[in-house]
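The block underneath contains the structure these notes are about, expressed in C-alpha cells.
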Amino acid sequence: MARNQAWDPEQLPDLTGRTYLITGSNAGLGYFSSEQLVRAGARVYMTGRSPNRLMAARAAVRRRNPDAGDRVETLLLDTSNLGSVRAAAATIGGRGGLDGLLLNAGIVHPPKERETTGDGNEVVFATNVLGHFALSGALLTTLAAASGRMVWLGSVSTSMAKYDPFDPQLVEGYSGGRAYVQSKVATAALGFEADRRLRAAGVAVSSVVAHPGYSTSGRTPGIVGVNNPTRLTRFADNLQFAITQSKEHGAWTLVRALVDPGIEGGEYWGPRLIVRGEPHRGKSSKITRDPEIAQRLWGVCEDATGVRWPF
C-alpha cells in the first residue's frame, strides 16, 4: 500500500493467522489497539502488570467481539521490572513466531519527586524506555522468524522541553514533565536507531515510530473496567474537542504502523492533523533523528538492562 494512500482504520485487512503482543493493554491506547487487531482476525497477547485489570480488559474485548474466542490471551508484564520483562519474553519466545510488537506501556503522569525501581532506574525511564528496549531485544529472534515489526510509541512532546543527552535518567534536575519528555525522546530515538542497526545486520525485522496525537479519556467511549472517566473529565476534555480525539482513534495510527505492509522501517506515523485525525506519515522532531544521541542512548540502555540485542 502506497504511503498515505487511503486507509480505513475501521476496516483493517484480514489479519487471520497473525500474532501481536501489546504492552499496557488493560486500558487506553493499548486496549483499543488490541480490540482493533482482534476484530480483524489477529491473535493478541494483552499484557499489563495488574491481573485483575487485564482480565477485565480481556473480558471487554471478548464481549465487544463475540467471535474473538481464544484469540485473546493475557500475560503479566511490568515494563518497569526487568525480571518481569525477562519472564514474559521467555514465555512468548516459546510459543512460535510473533508478527508484531507494540511498545505502548508507559507512565503518562510521572511522580512529582524522582523515584527509582527495584533495579535502581528512574521509574519513568524504566517503564517507558528500558523495559521496552529489553523486551524488544529478548524477542528479536521471535520477531525475525515471522519477518515481524516493532512499533515504538513517540509523542508530540519531544520538542517541548530541553533534552539532556548526558543525564537521560535525570539524576539531577528531575521534574515529572522533564522525565516524560526525556523518555519520549528516548523511545523515538531508539526506534529509529533500532531500524538502522537491523538493516545493517540484515535482520528481517522493521522498526517504526508512531504517536497517537492528543488522545484523551474524556473523549473515549466508556467501557466497564477499561475506561470510566468522571463527568468532570468528560466535560473538561470535550472543551478541547478541536485539538483532541478519543483513545480509540489515537490507536488507529499505532495499529496502522504495526500492520500496514506498505510502511517501511524507520518511518514516523501520527494523526493527519498532528493532534488528531487519520493515520499519516510525518516527520519526527530533529533531536529524535540525531544518530549520535541515539547511539549514546543505546549504550545507556545496554548498561542499565544488561541486554545486548542478538544481531
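The values are calculated or read from the model by the stated rules, or taken from the named source; none is laboratory data. As the structure is a prediction and not an experimental result, all values here were calculated from the model. For neighbour counting, all protein chains shown are included, and Cβ atoms are generated from backbone atoms with ideal geometry for every residue, glycine included.
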Among the candidates MET55, MET46, which residue alone is touching a Ser or Thr at 6+ places or on another chain (Cβ under 8 Å) and surrounded by fewer than 16 Cβ atoms within 10 Å (Cβ to Cβ)?
-> MET55
Evaluation of LEU54 against (1) in a helix (DSSP H, G or I); (2) over 30 Å from GLY118 (Cβ atoms); (3) hydrophobic (A, V, I, L, M, F, W, C) (one fails), failing number = (2)
Inter-residue pairs, beta-carbon under 9 Å, first under 15 Å from THR187 (Cα atoms) and surrounded by 20 or more Cβ atoms within 10 Å (Cβ to Cβ) and in the stretch 134-151, second among the charged types (D, E, K, R) and at pLDDT below 95, 6+ apart | none
Are there any pairs, at least 6 apart or on different chains, whose C-beta atoms fall under 7 Å, with the first in the stretch 62-76 and closer than 13 Å to ARG43 by Cα and assigned to a loop (DSSP other than H, G, I, E, B) and the second of a type in the set (Phe, Trp, Tyr) and at pLDDT 95 or above, and if so, which?
-> none
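Residue by residue, here is whether (1) among the small types (Gly, Ala, Ser); (2) at pLDDT 95 or above; (3) part of a helix (DSSP H, G or I) holds:
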| residue | (1), (2), (3) |
| --- | --- |
| TYR163 | no, no, no |
| LEU170 | no, yes, no |
| GLY177 | yes, no, yes |
| ALA186 | yes, yes, yes |
| LEU190 | no, yes, yes |
| ARG197 | no, yes, yes |
| ALA204 | yes, yes, no |
| GLY218 | yes, no, yes |
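What residue, of ASP78, ASP99, ASP119, is closer than 21 Å to GLN169 by Cβ, of a type in the set (Asp, Glu) and under 20 Å from the mean Cα position of the chain (by Cα)?
Working: ASP99 fails: closer than 21 Å to GLN169 by Cβ; ASP119 fails: under 20 Å from the mean Cα position of the chain (by Cα).
After applying the criteria, what remains is ASP78.
What is the residue count in the stretch 231-289 for residues that are of a type in the set (Lys, Arg), at pLDDT 85 or above and in contact with a Ser or Thr (Cβ under 7 Å, 6 or more places away or on another chain)? Before the answer, list the steps.
Initially, the stretch 231-289 is screened for residues of a type in the set (Lys, Arg), giving 231, 234, 247, 256, 272, 276, 281, 283, 286, 289.
Adding the requirement that they be at pLDDT 85 or above leaves 256, 272, 276, 281, 283, 286, 289.
Narrowing further to those that are in contact with a Ser or Thr (Cβ under 7 Å, 6 or more places away or on another chain): 276.
Summing the residues that are of a type in the set (Lys, Arg), at pLDDT 85 or above and in contact with a Ser or Thr (Cβ under 7 Å, 6 or more places away or on another chain) in the stretch 231-289 gives 1.
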Would you mention how many residues in the stretch 143-191 are under 16 Å from PHE133 (Cβ atoms) and either of a type in the set (Gly, Ala, Ser) or within 14 Å of the chain's Cα centre (by Cα) (or both)?
-> 14
Please identify the pairs in which a residue from the stretch 33-59 that is within 19 Å of ALA88 (Cβ to Cβ) and touching a residue at least 24 places away in the same chain (Cβ under 8 Å) has its Cβ atom under 7 Å from the Cβ atom of a residue that is assigned to a strand (DSSP E or B) and small (Gly, Ala, Ser), counting only partners at least 6 apart or on another chain.
-> LEU54/GLY48
Looking at (1) touching a strand residue (DSSP E or B) at 6+ places or on another chain (Cβ under 7 Å); (2) under 30 Å from ASP167 (Cα atoms), which is the one condition that is false for ARG296?
-> (1)
Test set (1) at pLDDT below 95; (2) more than 15 Å from the chain's Cα centre (by Cα) - ALA27 fails condition number = (2)
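For GLY225, are the conditions met, namely being out of contact with any Leu (no Cβ under 6 Å at 6 or more places or on another chain) and at pLDDT 80 or above? Write out each step before concluding.
On the way: out of contact with any Leu (no Cβ under 6 Å at 6 or more places or on another chain): yes; at pLDDT 80 or above: no.
Against the criterion (out of contact with any Leu (no Cβ under 6 Å at 6 or more places or on another chain) and at pLDDT 80 or above), GLY225 does not qualify.
For GLY17, indicate whether it is at positive phi, surrounded by fewer than 19 Cβ atoms within 10 Å (Cβ to Cβ) and either of a type outside the set (S, T, N, Q) or outside any loop (DSSP other than H, G, I, E, B) (or both).
Working: at positive phi: yes; surrounded by fewer than 19 Cβ atoms within 10 Å (Cβ to Cβ): yes; either of a type outside the set (S, T, N, Q) or outside any loop (DSSP other than H, G, I, E, B) (or both): yes.
Yes: the conditions hold for GLY17.
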Can you tell me which residue in the stretch 268-296 is nearest to VAL151 (Cα to Cα), limited to those that are buried (at least 21 other Cβ atoms within 10 Å of the Cβ) and not aromatic (Phe, Trp, Tyr)?
-> GLY270
All-but-one check, ALA201 against (1) touching a Phe, Trp or Tyr at 6+ places or on another chain (Cβ under 6 Å); (2) surrounded by 24 or more Cβ atoms within 10 Å (Cβ to Cβ); (3) not charged (D, E, K, R), failing number (2)
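Can you name the residue in the stretch 275-308 that is among the acidic types (Asp, Glu) and assigned to a loop (DSSP other than H, G, I, E, B) and, of all such residues, is nearest to PRO261 (Cα to Cα)? Before you say what the answer is, go through the steps one by one.
Taking the stretch 275-308 and keeping what is among the acidic types (Asp, Glu), we get 278, 290, 292, 302-303.
Checking the rest, the ones that are also assigned to a loop (DSSP other than H, G, I, E, B) come to 278, 290.
On the way: GLU278: 17, ASP290: 26 Å.
It comes out as GLU278.
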